[in-house]
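Please read the structure below before turning to the comments.
The values are calculated or read from the model by the stated rules, or taken from the named source; none is laboratory data. Remember, it's a predicted structure, so these values are computed and weren't measured experimentally. Neighbour counts are summed over all protein chains in view; Cβ atoms, including those assigned to glycine, are modelled from backbone coordinates with ideal geometry. The accessibility values were calculated without ligands, DNA or RNA, using every heavy atom of the protein model including side chains. Shrake-Rupley method; radii C 1.70, N 1.55, O 1.52, S 1.80 Å.
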Amino acid sequence: MNFVMPDFYPAAAEIFVAGMSLLLLVIELFAGKKKGFGFVVTLIALAGAAVITYTTADGQVSVTFSNLYISDLFGSFLKLLVYVAVAVMLVYSRDYLRVRGLDKTEYYLLVIYATLGMMVMISANHFLTIYLGLELLSLSLYTLVALDRDSSRATEAAMKYFVLGALASGLLLYGMSMVYGATGSLEISAVAQALAHGVVNKTVLVFGLVFLVSGLAFKLGVVPFHMWVPDVYHGAPTAMTLFVASAPKLAAFAMAIRLLVNGLFELAGDWQQMLMIMAVLSIALGNLAAIAQTNIKRMLAYSGISHMGFMLLGLTTGVVAGDRQFALNAYSSAMFYAVSYVVMSLASFGMVLLLSRAGFEAEKLEDFKGLNQRSPWFAALMMMVMLSMAGVPFFVGFFAKFSVLQAVVAAGYVWLAVLAVFFSLIGAFYYLRVVKLMYFDKPTDHAPITASLDMRVLLSANGLAVAALGLAPQALMSLCAFTLLRSL
């Protein structure tokens, strides 16, 4: 058997990030008690990876490493968004971690490895590559949630996350083994070809599909695999919650596209029905359960469940009665929704981090009382984020919902669109409640809001981006559609 040397060029960004993690370990060995280098090295790693990804994105679809890895515009675009999301998360979290003694090299190493896992997931062209990236991401997140070893709440959340995550990984692996048994391959493009030519065991394949969708649903945090979301969001330190709630959603979306659209598109009629049920249940349960929450992290957790349900609606309407003409519009609307949600999630948890200080966690709704009197600017930013999440015009959340609903109606599922709008109206209550607390209640906390200049500037830019993308959403929408068109 002749060994063929793989082309390392398409995977240069992943190799660079892995190398930077080793560099960070070496620096830690020689730096002693000096601190602060972890933050700088991680940002350099992200910036370098962004430059490499941008320069290597030639618009062509290429595979390497024996077809285990694929390079295309879709993957490059999502990777660039992941770098930005992780960098923003690092800036938001720095002060919070420093005053709690969590600003350690281990934290930055785990962030780098989690980012590397997301990059591998996004560029996977093989079921095992997806699993490798997923486990690298998941194991890093489990450890990050438990990083505060003095917090019993964080340890409990990490244990729940780990046990349920291991179960979901088992489901995913079992589904992959069934797909292999039915098609004779684990390569995504080869599986698609086997399905197209009809040389498969359909019964085994459908059973495998159920397990694959179950594992994917856990990573997205949708009903009925949502049990970990509120507990992990609540129990983890807020900086870790911010990470779990943002960039990994992009990687999970990429995983859905690679598995379901690139690999199992011929079975769209089967997996769309499963996703549709999960989407409706997620939108309903997420919005109804969020109303009862008094903790803003739990409220945003249930909100995230409903948002992921909305994103799934886009994936459920790509193929109608065997007609694929709606596919690009549906999948690009889901992608636009995922990107919009990450932007809003970063801003919302960034505000929670802004109001937190040494010895105080601003995670109760009442902590936002009278925020307008303490800081009119940040109260206005939080109001914009809440209105955007509620789907109020003219913020990015409105156009994200509108694009998905437009795809749903175009596919003929008018009843589904009506149901989604109904539960969104119910969900608007708990977002508007936060606005009411900020503007109409007297503050219970009069401590000054202190934060570094870089966090204030970045959080302001993040909040304004929610408004700017709402006023001019077409550029991002077109970019999502273009990258998918060149890659599917």
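Computed values, structure above
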read-out: Rough spin-label spacing in nm, given labels placed 7 Å along Cα→Cβ, for ALA475 and VAL421; value: 3.0 nm
read-out: Lys, Arg +1 and Asp, Glu -1 on Cβ, resulting dipole of the chain about Cα centre, debye, nearest 20; value: 900 debye
read-out: Relative contact order of the chain, defined on C-alpha pairs under 8 angstrom at six or more residues apart (%); value: 15 percent
read-out: Accessible area, probe 1.4 Å, largest first, for residues THR294, THR64; value: THR294, THR64
read-out: FRET E, pair ASP445, VAL163, Förster distance 35 Å, beta-carbon r, rounded to 0.05; value: 0.45
read-out: Where chymotrypsin sites (Phe, Trp or Tyr not before Pro) fall in DSSP loop in region 50-96, at most 14 other Cβ within 10 Å; value: none
read-out: MET477 accessible area, assembled protein chains, probe 1.4 Å, Å²; value: 40 Å²
read-out: Solvent exposure ordering (accessible area, 1.4 Å, most first) of SER66, SER340; value: SER66, SER340
read-out: Computed accessible area, LYS364, all protein chains, 1.4 angstrom probe, square angstrom; value: 110 Å²
read-out: Listed candidates (1) 25.3, 78; (2) 21.7, 75; (3) 25.5, 86 - label of the one calculated as Rg and Dmax of the Cα atoms in Å; value: (2)
read-out: Axial C-alpha extent at least 18 Å, average Kyte-Doolittle at least 1.0 - helices from the chain (DSSP); value: 12-31, 37-56, 73-99, 105-122, 127-145, 202-220, 268-291, 327-355, 376-390, 396-410, 414-440, 453-471
read-out: Whole-Å distance, taken between Cα centres, linking region 287-363 and region 430-488; value: 13 Å
read-out: Carbon plus sulfur fraction of accessible area for the chain, probe 1.4 Å, in percent; value: 69 percent
read-out: Cα-centred dipole magnitude for region 35-144, charges only on beta-carbon of K, R (+1) and D, E (-1), debye, nearest 20; value: 380 debye
read-out: 222 nm mean residue ellipticity, helices alone, for the chain (DSSP H n ≥ 4; -39,500 (n - 2.57); rounded to 500); value: -24500 deg cm²/dmol
read-out: Whichever aspartates and glutamates have a C-alpha closer than 13 Å to that of LYS364, once near sequence neighbours (fewer than 8 apart) are set aside; value: ASP445
read-out: Between region 122-198 and region 1-67, the Cα center-to-center distance that results, in Å; value: 22 Å
